[in-house]
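To keep things clear, I will list the structure first and then write my remarks on it.
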Amino acid sequence: MRHIAVTGSSRSNPYMDLLLSRCPPSVAVSRISNKKISQINDAPIPDVVLVNWEEQIFTGAESAFQARSLATRYIRDLRKYAESGGHIVWMVHNAHPHSDLFTHHLAMMRKKIMRSASAILHQNVESLRYADTLDNESDPDKNYYIPHPSYLTAYALRPSFEAERKSVLIFGRILPYKNLEWFIRFHELHIPKTPLTIAGQSDDEKYVAYIAKSIAQNKKISFTADRIEDADLAVHFDTAKCILLTDHDTINSGVAHLALQGGAIIVAPDTAYYREVLPPSGHRFFYQPNSFMSLKKAVRNAFKLNAEEHRQVVEAYMRRAAYINSDRISSALFRVFETLVGQTPSDARDQPEELGAV
């Protein structure tokens, strides 16, 4: 294997860099925009194309006709590449796209990607279940388990056990599907005296304006709708007793993986996905989606922890983060690539360890 191409790579997010951290020096990597997917058919074509964040092709689309045309061209280019001998590897990144527009077109496009792919990568069991809803006749031998890597090597953020933690943190991209207004209402009704910080960037100016207006008179809520620089992560995490995860239908949460190293207790929806991603000692801080009383109990449980109890939970988070360290996950990924291309890694260090239970 000499050349791979990856799509959906963002320089502002280290996710793809982590996945590629164990790329052999002899392998060239091309980063291609999903909107320029036709480039994979330019000679010399890559041995493998890792398809990620394919929903990006719909950015700017204004009609169903336009979305259908974009999807048709995208699939056409992928099929041309596969027919020329290339290997398509699809990473299932989400089940719920950032935009509610054109979800039908996205589902149909993903089904066709599955049929053209040589391999389908799942970061958790829920991802496999989601893929089955798209196409339950897909060859099961195409499926590989490649967990989302932790961010330990990407961010200097580490737990501070000396920090004074008095607030609740909601962190990550500010998007309508996260239903932040529900959590703001929860704060008003059930924890009005507890400081709440909402921080993260957004591409939806109207939603940001709506949230800002709804909390304008609430002095206990701090709202930052901007990119949080790496050096400023600790400013938010070190003051938080708990970080509140809002998305109950996700199959992939980068914020959850970042929170493993942030030092705050992770309060998350009680779903199969979070039960897989977070260690068992953190499951008592789960809440039932759409239940104020369940969320109130979970937040209270977090605030009741003494310093030693808090430390024990956070140490379990850190062990989980170490288990899914990026080099280990990247080694497993390149083993998949090499298997598809039909070569054996020459460097024994590239052999992935067994991914057992933790």
Helix 205-214 sits at what angle to the longest principal axis of the chain, using alpha carbons and giving 0 to 90 degrees rounded to 10? 10 degrees
Amide H neighbours of Ser222 at under 5 Å, excluding residues fewer than 5 places away on the same chain, with H built from the backbone geometry, are Leu196, Thr197, Ile198
Which loop GluC sites (Glu not before Pro) in the range 37-80, with loop taken from DSSP, have no more than 12 other Cβ atoms within 10 angstrom of their Cβ? Glu62
For the chain, built as a Gaussian network whose Cα springs stay under 10 Å, the top-fluctuating residue of Val341, Val277, Val235: Val235
HN-Hα J in Hz across the range 231-245 - Karplus 6.51, -1.76, 1.60, θ = phi - 60°, x for Gly and Pro: 5, 9, 4, 5, 4, 8, 6, 6, 9, 9, 6, 9, 10, 9, 8
Which one, (1) 21.6; (2) 20.1; (3) 23.9, gives Kirkwood radius over Cα pairs in Å as derived from the coordinates shown? (1)
Roughly what angle does helix 292-304 make with the longest principal axis of the chain, taking Cα atoms, 0 to 90 degrees, to the nearest 10? 80 degrees
Please compute the modelled spin-label separation between Ala216 and Glu309, points set 7 Å along Cα→Cβ, answer in nm with one decimal. 4.1 nm
Spacing of the two label points (7 Å from each Cα toward its C-beta) at Arg300 and Asp226, in nm: 3.8 nm
Spelling it out for Ala5: with amide H atoms placed in the peptide plane at 1.01 Å from N, the residues 5 or more places away or on another chain with amide H under 5 Å from its amide H are Ser30, Val48, Val49, Leu50
Through the Karplus equation 6.51 cos²θ - 1.76 cosθ + 1.60, θ set to phi - 60°, convert the phi angles of the range 123-131 into ³J(HN,Hα) values in whole Hz; use x for Gly and Pro. 8, 5, 5, 4, 4, 5, 5, 5, 4
Using alpha carbon centroids, what distance separates the range 60-105 and the range 258-321, in Å? 36 Å
Could you give the angle, 0 to 90 degrees to the nearest 10, between helix 326-341's Cα long axis and the longest principal axis of the Cα atoms of the chain? 20 degrees
Testing the spin-label approximation: label points 7 Å from Cα along Cα→Cβ at Glu137 and Val125. State their distance in nm. 2.8 nm
³J(HN,Hα) across the range 167-172 via Karplus (A = 6.51, B = -1.76, C = 1.60, θ = phi - 60°), whole Hz, x for Gly/Pro? 10, 10, 10, 10, 10, x
Its Cα gyration tensor gives the range 167-322 an equivalent ellipsoid whose semi-axes in whole Å, largest first, are 23, 17, 16
Between Phe161 and Asn179, what length comes free when the chain is fully extended (0.36 nm per residue of separation minus the Cα-Cα distance, one decimal in nm)? 3.4 nm
Percent relative contact order of the chain, based on C-alpha pairs within less than 8 angstrom and at least six residues apart? 17 percent
The extension gain from Lys35 to Thr194, computed as 0.36 nm times the residue separation minus the Cα-Cα distance, is 52.8 nm
Can you give the local net charge around Val267? Use residues other than it whose beta-carbon is closer than 11 angstrom to its beta-carbon, Lys and Arg +1, Asp and Glu -1. +4
Which one of Ile265, Ile329, Ile215 has the biggest mean-square fluctuation once the chain is modelled by GNM with Cα springs under 10 Å? Ile215
Which residues in the range 167-194 place their backbone N less than 17 Å from a point set 7 Å from the Cα of Glu205 along the Cα-to-Cβ direction? 174-176
Would you please give the residues with an amide H less than 5 Å from that of Ile266, counting only those at least 5 places away or on a separate chain, with H modeled from the backbone geometry? Ile243
For a 32 Å ceiling on Cα separation, which of these pairs sit above it: Lys112/Lys297; Lys219/Lys297; Lys206/Lys304? Lys112/Lys297; Lys206/Lys304
Report Rg(Cα)/(2.2 N^0.38 Å) for the range 217-303, keeping two decimals. 1.11
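Read the figures in this text as sums done on the coordinates, not as results from a lab. All of these numbers come straight from a predicted model, not from anything done at the bench. Cβ coordinates were reconstructed from backbone atoms using ideal geometry, including for glycine residues, and neighbour counts include every protein chain displayed.
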